[in-house]
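The values are calculated or read from the model by the stated rules, or taken from the named source; none is laboratory data. From a predicted model like this one, the values you see are computed outputs, not experimental measurements. Heads up, the Cβs are rebuilt from the backbone with ideal geometry, glycines too, and the neighbour counts pull from every protein chain shown. Note: accessible area is taken over every heavy atom of the protein model, side chains too, but ligands, DNA and RNA are not part of it. Shrake-Rupley method; radii C 1.70, N 1.55, O 1.52, S 1.80 Å.
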Amino acid sequence: MTTITLTMAQAVVRFMMAQKIETDNGIQPMFAGVWGIFGHGNVAGLGEALYQVKDQLPTYRAHNEQGMAHAAIAYAKTKNRQQMMACTASAGPGAVNMVTAAAVAHVNRIPVLFLPGDTFATRMPDPVLQQVESFQDMTITSNDCFRPVSRFFDRITRPEQLLTSLPQAMRVLTDPIECGPATLALPQDVQTMAFDYPISFFDEKVHRLRRQTPDFYELNDALKLIRQAKKPVVIAGGGLHYSGALKEFDAFVSQFQLPVGETQAGKGALPWDHKHNMGSIGVTGAASTNNLCADADLIIAVGTRLGDFTSGSRSLIHPDAKIVSLNVASFDAIKHKSQALVGDAKATLPLLSKALQGWQLESSWVDRAENERVNWQHIVDQATTDQGTNLPSDAEVIGAVNRAAGEEDMVVCAAGGLPGELQKLWRTRYHRGYHMEYGYSCMGYELAGGLGAKMASPESEVFVMVGDGSYLMLNSEIATSVMLGQKIIAVVLDNRGFGCINRLQQAGGGAGFNNLLDDCFSVPEGAPKTDFAAHARALGANAEKVANIAELEQALVRAKSSPISYVITLDTDPLKTTAEGGHWWDVALAEVSERKQVSDARKEYEQRKAAQFKHL
């Protein structure tokens, strides 16, 4: 057997470079790069190994470990999980800084290979700098925090363990069902240890998306339910994008004139002006889709987890409606008492189209869907038009940015009130045009995610829409975007605090408290007004502040012509949202309270809960 002597870290890097993926553009490297912030726990091991191949496998330096991991997530999401990145940070706080991002990847089922440095496996110099010591278990390190937020976790305590561990990590990273973050904790001493690896271990491996066809009995049971339906609604989930099934989905819904509601992850599966696209669904859904769901006799859910924002906390869909759930994962397919149809969307939708030939909906249902769609588009037009107010709404800002965006440009967002408004109001015909991290809805994802999305889609202008709260949580990757020449356009909506949660707080009867800066404990003169434009310029970007929508539209023209990242900030109304559409969201309220408004809100909440129970 031919062998090659490598350090463990060199073997990890060499194995990564041998992994390929077959895409529509041919055979591509599976790993497009490595994000790294070096410290004593990885610089002499993995850092040395990455330096040797820096021209073949680029290493990108970021300014924050969580931020760089968000960029890696956004890259893989934009690539529909067909290419990915790895992230490495030093043992201790650097590694733990990536844990939040690992949770983002886990919830959204996005592949990222995490390679955190770890403490000495030999324990000879223990306790080392930044080591967490457990009095009961000497094997525990701070990297064990990755365990619950990783789809696969291993700690490599011997260099030869890579021979069994790395293939398992790749299995998870490329599996359409188990897909998510894989973590290999790498003790800093073991990274530098040499081993004679079989040269065949580094043979090129071409990965292809596995396409599972449905079980015969499940398919027949699903077809039986569908044929009985006269008033169905289809839910388009993110799985359609990851399956690459957009063409098949369009053919399916067009053939049978099926009204479609889009989830946050599914948005863009159909063009916004497609005849059968009713708009968004659920808590932040379009009135058109939600109205239809309330009267539907069947829901065909395709590639969706049916989370609470989609189902209206299990109270949106008519309680007597049946659900057929086409999903590659049986874990998701059985939710909400659904008739499971486990299979890949691209492989299964044509089977449905063929088997259902002759099936027809009630003509009145088709007509109603069209009326709902047209009415909703009028509402969107009105909500996104400049109203000329001193403090514009989020909807007005969205309208201006949307009008500035080209056909194949992209909007990126994650948290606060903007995701709800964007899901309702953003219009795109481009399947990559809407990038929303709303599985974990992580504040701070936006700017770093915009960077990753730009790296994955350099031909697109990437518009990041972010509130002042998220901006202040994590903004350092603006500097990284300038350093790497990866231009993003960020629009910062400054409502002086956490406006979304303030509205939620008051909707539950609470007083404004500890959300908007004016309602927070502060010095007598109040919290300072942040100059976001000056801050962004300090990070190397071009930036300006505007006073209204008309000025925003002019600034967006300048931003698009800028060669580097551009930040525009404006003050917005913290209270105003789009009243039309939407649905109840189950946010538990205090059962007893001295505040009458809370008690009154609790009574309404209990009524909603009673209705919810009928759906369980």
The residue that is surrounded by the fewest Cβ atoms within 10 Å (Cβ to Cβ), considering only those in segment 123-145 that are among the acidic types (Asp, Glu) and not in a helix (DSSP H, G or I), is Asp137
Pairs returned, first residue in segment 91-114 that is more than 22 Å from Gln168 (Cβ to Cβ) and of a type in the set (Gly, Ala, Ser), second residue that is part of a helix (DSSP H, G or I) and open to solvent by 10 Å² or more (accessible area, probe 1.4 Å), beta-carbon separation under 9 angstrom, 6 or more apart or interchain, are Ala91/Ser142; Ala91/Gln188; Gly92/Ser142; Gly94/Glu65
If the requirement is being over 26 Å from Asp221 (Cα atoms) and charged (D, E, K, R), which of these qualifies: Lys322, Lys275, Lys337? Lys275
Looking at (1) β-branched (Val, Ile, Thr); (2) over 25 Å from the mean Cα position of the chain (by Cα); (3) surrounded by 12 or more Cβ atoms within 10 Å (Cβ to Cβ); (4) part of a loop (DSSP other than H, G, I, E, B), which is the one condition that is false for Val592? (3)
Given the criteria surrounded by 24 or more Cβ atoms within 10 Å (Cβ to Cβ) and farther than 27 Å from Asn475 by Cβ, does Val12 qualify? yes
Top-ranked residue of segment 329-368 - restricted to ones that are among the acidic types (Asp, Glu) and under 23 Å from the mean Cα position of the chain (by Cα), ranked as nearest to Arg210 (Cα to Cα): Asp344
Unmet requirement for Tyr430, which otherwise passes all of (1) among the aromatic types (Phe, Trp, Tyr); (2) over 22 Å from Gly449 (Cα atoms); (3) touching a Gly at 6+ places or on another chain (Cβ under 7 Å): (2)
Where in segment 458-536 are there helices (runs of 4 or more DSSP H), lying wholly inside it, with at least 2 residues that are more than 20 Å from Val411 (Cβ to Cβ) and either in contact (Cβ under 8 Å) with a residue 60 or more places away in the chain or open to solvent by 20 Å² or more (accessible area, probe 1.4 Å) (or both)? 477-484, 499-507
Looking at segment 146-154, is at least one residue open to solvent by 40 Å² or more (accessible area, probe 1.4 Å), out of contact with any Cys (no Cβ under 9 Å at 6 or more places or on another chain), at pLDDT 95 or above and of a type in the set (Ser, Thr, Tyr)? no
Which condition breaks for Ser561 when tested against (1) closer than 30 Å to Pro458 by Cα; (2) surrounded by 14 or more Cβ atoms within 10 Å (Cβ to Cβ)? (2)
Would you confirm whether any residue within segment 300-314 is open to solvent by 10 Å² or more (accessible area, probe 1.4 Å), in a helix (DSSP H, G or I) and either among the charged types (D, E, K, R) or farther than 26 Å from Arg211 by Cα (or both)? yes
Please verify whether Leu391 is open to solvent by less than 60 Å² (accessible area, probe 1.4 Å), more than 22 Å from Arg109 (Cβ to Cβ) and not β-branched (Val, Ile, Thr), treating the condition exactly as stated. no
As an exercise: evaluate Leu575 against (1) open to solvent by 50 Å² or more (accessible area, probe 1.4 Å); (2) of a type outside the set (Gly, Ala, Ser); (3) more than 27 Å from the chain's Cα centre (by Cα) and give the number of the one condition it does not meet. (3)
Does any residue of segment 231-246 turn out to be surrounded by fewer than 16 Cβ atoms within 10 Å (Cβ to Cβ) and not aliphatic (A, V, I, L, M)? no
Given the conditions (1) closer than 26 Å to Ala105 by Cα; (2) open to solvent by 30 Å² or more (accessible area, probe 1.4 Å); (3) modelled with pLDDT of 95 or more, and given that Asp273 satisfies all but one, which numbered condition is not satisfied? (1)
Can you find, within segment 344-388, the residue that is surrounded by the fewest Cβ atoms within 10 Å (Cβ to Cβ) among those that are within 30 Å of Gln554 (Cβ to Cβ) and acidic (Asp, Glu)? Asp381
Can you tell me how many residues in segment 56-82 are open to solvent by 20 Å² or more (accessible area, probe 1.4 Å) and closer than 15 Å to Met16 by Cβ? 4
